[in-house]
Amino acid sequence: MQLKCMLLCVLVFTIGCESVKPWQRGNLARPEMSFAPDPLERALDEHIYFSKEASSSGSAISGGGCGCN
């Protein structure tokens, strides 16, 4: 039973692995493929997050939670 379960887990975790051909890498490098394609929106989201958390986390922003830094 454990062998079947282990094989099933290995199959599930490796089924999504696929090598990318060199000519396909151009499509994956497009700005639309990034997690946050709009840099202004990403910066705004980071500002809101750091203001609410009152943390700096390497971006040199220290806030008190009001968002007015």
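Kindly state, to the nearest 0.05, the FRET efficiency for residue 11 paired with residue 34, given R0 = 25 Å and r defined as their beta-carbon distance.
Numbers: r = 30 Å, r/R0 = 1.20.
Rounded to the nearest 0.05, the efficiency is 0.25.
Remark: the range 6-55 projects, on average over all directions, an area of 6.4 nm² (convex hull of Cα atoms).
Where a number appears in this text, it was derived from the coordinates with a stated rule and is not lab data. All values derive from a computational prediction rather than experimental measurement. Methodologically, a virtual Cβ is constructed for each residue, glycine included, from the backbone with ideal geometry; neighbour enumeration extends over all protein chains shown.
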